[in-house]
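A short worksheet on the structure shown next.
Coordinate-derived values only; no laboratory data. As the structure is a prediction and not an experimental result, all values here were calculated from the model. All Cβ positions, even for glycine, are placed from backbone atoms using ideal geometry, and neighbour counts span all protein chains on display.
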Amino acid sequence: MPGRATPDGVSDATVEALGALSEALETVERARGHLYTFHQLTGEADLALGDAVEKLRAAGHDDVADRVAADLVGRNVVGGRWTFQLVEDYDDGYWSTFRAHERRARDELAGGVRHLYEARMKQDRRSSGRAGHEAGPVAPA
């Protein structure tokens, strides 16, 4: 298979197992992206809340503005933490550990080659010889 041959001695079962591990990591990567989205949206909401408090004050509703400002603006989202702290904990703990285990398994079992399962799938599904179905990148003419 051009560009992504399965290393010698790597069984079909190992390729399938590493593919499943890679797929699980990809799901964790998606979850991480959603966590960053949560982080950014929560921050945007807090800034918008600050604007709302100013508008409440400008409209003469100081009591409501004071209550909202004191209880919500800058509030922790989870037990003593803002979202950046959740992101940091996720990155430094679960995400980093997951990535390290996936890489170590790939290094030990397949010489570090990534996406062997997908490379086999590409080879099986492409129409050899047709434009847009090349085995690898095509150099510009």
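When the dipole is taken about the Cα centre of the chain, and only Lys, Arg (+1) and Asp, Glu (-1) are charged at their Cβ, what size is it in debye, to the nearest 20?
It works out to roughly 660 debye.
What is the angle, in °, between the Cα long axis of helix 62-71 and the longest principal axis of the Cα atoms in the chain? Nearest 10 is fine, range 0 to 90.
40 degrees
Evaluate the charge dipole of the stretch 75-141 about its Cα centre and quote only its size in Debye, nearest 20, assuming +1 on the Cβ of each Lys and Arg and -1 on the Cβ of each Asp and Glu.
That gives a dipole near 320 debye.
Could you tell me which of His101, Ala17, Ser127 has its Cα farthest along the dipole of the chain towards the positive end, charges placed at Cβ (Lys, Arg +1; Asp, Glu -1), taken about the Cα centre?
Ser127
So the label point goes 7 Å from the Cα of Ala135 along Cα→C-beta, right? Which residues of the stretch 1-36 then have their backbone N under 15 Å from it?
Answer for this model: 1-7.
Net charge within 13 Å of Trp95 by Cβ-Cβ distance, Lys/Arg positive one each and Asp/Glu negative one each, not counting Trp95 itself?
Once positives and negatives cancel, what remains is -3.
Mind checking the stretch 1-95 for trypsin sites (Lys or Arg not before Pro) that DSSP puts in a loop (not H, G, I, E or B) and that have at most 11 other Cβ atoms within 10 Å?
In loop regions of the stretch 1-95 (DSSP not H, G, I, E or B), the sparsely surrounded trypsin sites (Lys or Arg not before Pro) are Arg75.
What length, rounded to one decimal in nm, is gained on full extension from Val77 through to Glu23, with 0.36 nm per residue of separation minus their alpha-carbon distance?
The span from Val77 to Glu23 would gain 16.4 nm if fully extended.
What nm value, rounded to one decimal, do you get for the distance between Asp62 and Leu35 when each label is placed 7 Å out toward the C-beta?
For Asp62 paired with Leu35, the spin-label model returns 4.4 nm.
Grab the DSSP H runs of the chain that are 4 residues or longer, score each as -39,500 (n - 2.57), total them, divide by all residues and round the 222 nm result to the nearest 500 deg cm²/dmol.
The helix contribution divided over the chain gives -21500 deg cm²/dmol.
Distances longer than 18 Å among the Cα atoms of the chain: what percent of all pairs is that?
When all Cα pairs of the chain are counted, 70 percent exceed 18 Å.
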